[in-house]
Structure formats: structure tokens, C-alpha cells
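The values are calculated or read from the model by the stated rules, or taken from the named source; none is laboratory data. Small disclaimer: the values here were computed from a predicted structure and weren't measured. Positions of Cβ are generated from backbone atoms using ideal geometry, with glycine treated the same way; all protein chains shown enter the neighbour counts.
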Amino acid sequence: MATRLPYCGRFAPTPSGPLHFGSLVAAVASYLDAKAHAGRWLVRIEDVDKPRAVPGAASTILTQLEQHGLHWDGEVWYQSQRDSAYQDALDQLHAQGLTYFCTCTRKQIKARGAHYTGYCRDRQRSATGSAVRFRNDHPTTQFSDRIQDHVSLDSMFAREDFLLFRRDQLYTYQLAVVVDDHAQGVTDIVRGADLLTATSWQLALWQQLSQRTPRFAHVPLALDPSGRKLSKQNHAPALNANNAAQQLRTAFEFLKLSGIEPVSSTTELLQQATTAWRAKYLS
Ligand code: GLU
Ligand code: ZN
């Protein structure tokens, strides 16, 4: 029987810009869950999509975390330095017959319908310049989530042969996130509900690459007043360094954590919020 690993959580921001309120909520939730479990909390910079990474954004994010009292354990990992680990995983999946090359463009896929339905599966595409897809024969369409309870996903999406490696020769987020969470001993993934659907793909990969699967907890997404996801694309404002305590309190309110005194020390606020998180999610 596999021994259970000690609790390890993480916050895994993409460095496409500074943190905004939506990403602070994900950082705070994963931090509080780790503290409530007396576990480790890691930070990993997800710059696997190298062209999308904005110069300086990673160090801005780390500074913003520190300004909010969110101190991480151990070294920060950067996905841009992990190509050989991703290639090893790709080789392993390939040797297991779980991958195939795909030459389809986005436009071609769209013209055939909303989902990729395995067009290149049996077409013996050559490796050069091709993307690599996961042969998703045993898709995960249901899983349990500590916050969302039982999750059942659109099976067309869950069944898709998702990308592991892109035609522009970059490893995908789906591959990198699973390889890294596995390598770092992450036991608990706490993040925004925008990644619920990706969880089905990630679990399919976990089943091939590991003897274990992590637990998931997806917190509600922060929306702007017009109901759109707060994101860099929608120009959500960056966090204000002079307003850390207030921003933490707003994040706690968003996460429906009650009984937190209006103190101004981020350390004290986070301690109180850990107690509130424990009462809400661990009892
Ligand atoms: N890097 C992803 C993002 O910023 C999050 C990855 C994750 O938490 O699994 O949206
Ligand atoms: Zn294809």
C-alpha cells in the first residue's frame, strides 16, 4: 500500500503580469489550506509558455506575495527550467503507446467542430514540426472536489485527446503541471474554479505518470462587476502594495471566512484566517 505523503500545497501563477485580486484569492486559499494542515506551501512560476511570460512579472509576483505576508517554503521552481523533466515524461508516455503526432492547425480543428476528435490518431504523422497529443482512452469524467463536491464534466471535453506538446515546440501547461506537482510531492491542489475542466485531463495524466493522485479543492472565481473573470486579459487592476491588509480582508470575505478582527498586521490576519479556514473546511 502506498504511504500517504505529508500535506504539500502550492500556488502556481503564470507570470503574464502582476497579481490581481483574482490571483490573490487563489494564493490565499492555497496558503490557508496548507497552514491549516500544518503543511508546506510552495510557489511555482508557470512560465512553460515562454513567449507569454512577461519580463519582470515573476519577480513582481514574488514581491507581491511577500508584501501580503504569504511566505513560501523552499525554493521557487520555474517551469522554463524543467524541459528535460517534461521530455522524460513525454518519452515515457510515448513508450507506453499513449501519444501520437498531430499536424492539425487550430483553424482545421475548428472547421471540423468544437472538439478535437482524434483526427490524426491513426494517420501516422511524422514527428518533425508536429504537436503531440495524449491518447485519452480512459478519460476521467468525474471526480470529487473538497469544495465543489462531486464534479461531473462535459464528456466531449474530458474525452478530448489533449495536447502534451505544441506545434510551436513548447510543452503544454497540462503536461508541465502534472509532472511538477508529482515531482514536488504536492498532495493538495487548491486553485480557482476556472481550472475545474482541466482537472479531468490532469487526472488522466496522473493515472499514467504516478502511483497516486492529489486531492483537489477549487475555490469560486472572482468576477468583475460585469460578471467576467478577473484576469490580466480583462485588465484587472494589479494589487496595491500599500493596501495589503485591506486586500487580504477582502479576499477572506470573498472566501466567506468569518470572525476575523480588523487588525492591520498581515501575519495576524493570516493566522486568524487559518483558524477560520480550518473551521470551515477541515471539520
Ligand atoms: N498557472 C495556472 C494559472 O495561472 C494555474 C495552474 C494551477 O494552479 O494548476 O492559471
Ligand atoms: Zn491532428
In the set ALA27, ALA53, which member is in contact with a His (Cβ under 8 Å, 6 or more places away or on another chain) and either closer than 11 Å to PRO13 by Cβ or not aromatic (Phe, Trp, Tyr) (or both)? ALA27
Hey, could you check region 192-236 for residues that are out of contact with any Gly (no Cβ under 8 Å at 6 or more places or on another chain) and among the β-branched types (Val, Ile, Thr) and say which is modelled with the lowest pLDDT? THR197
Being in a helix (DSSP H, G or I) and aliphatic (A, V, I, L, M) is the filter; apply it to region 89-104 and report the residue that is surrounded by the fewest Cβ atoms within 10 Å (Cβ to Cβ). ALA95
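Can you name the residue in region 1-57 that is in a loop (DSSP other than H, G, I, E, B) and within 18 Å of LEU248 (Cβ to Cβ) and is also nearest to ligand 1 (Cβ to nearest atom) among such residues? Steps first, answer last, please.
To start, the set of residues in region 1-57 that are in a loop (DSSP other than H, G, I, E, B) comprises 1-7, 12-19, 37-39, 46-49, 53-56.
From the residues that got through so far, the ones that are within 18 Å of LEU248 (Cβ to Cβ) too are 13, 18-19.
Working: PRO13: 5, PRO18: 13, LEU19: 10 Å.
That would be PRO13.
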Restrict the check to region 105-112 and report whether at least one residue is in contact with a helix residue (DSSP H, G or I) (Cβ under 9 Å, 6 or more places away or on another chain) and either within 16 Å of ligand 1 (Cβ to nearest atom) or not in a helix (DSSP H, G or I) (or both). no
Looking at LEU195, LEU175 in this structure, which one is free of Cβ contacts under 8 Å to residues at least 24 places away in the same chain, within 30 Å of PRO6 (Cα to Cα) and within 16 Å of ligand 1 (Cβ to nearest atom)? LEU195
With the requirement that a residue be within 16 Å of ligand 1 (Cβ to nearest atom) and not in a strand (DSSP E or B), what does region 63-88 give you? GLN64, LEU65, LEU70, TRP72, VAL76, GLN79, SER80, GLN81, ARG82, TYR86
Go through (1) crowded, with 18+ Cβ neighbours inside 10 Å; (2) of a type outside the set (S, T, N, Q); (3) more than 30 Å from GLN92 (Cα to Cα); (4) free of Cβ contacts under 8 Å to residues at least 60 places away in the same chain and name the single condition TRP277 misses. (4)
Quick one: in region 152-205, which of the residues that are more than 16 Å from ligand 2 (Cβ to nearest atom) and part of a strand (DSSP E or B) is farthest from ALA36 (Cα to Cα)? TYR171
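If you scan region 48-71, which residues turn out to be acidic (Asp, Glu) and crowded, with 22+ Cβ neighbours inside 10 Å?
As a first pass, look at region 48-71 and keep what is acidic (Asp, Glu): 49, 66.
Within region 48-71, no residue meets the criteria.
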Mind listing whichever residues of region 247-270 are surrounded by 13 or more Cβ atoms within 10 Å (Cβ to Cβ) and free of Cβ contacts under 8 Å to residues at least 12 places away in the same chain? GLU268
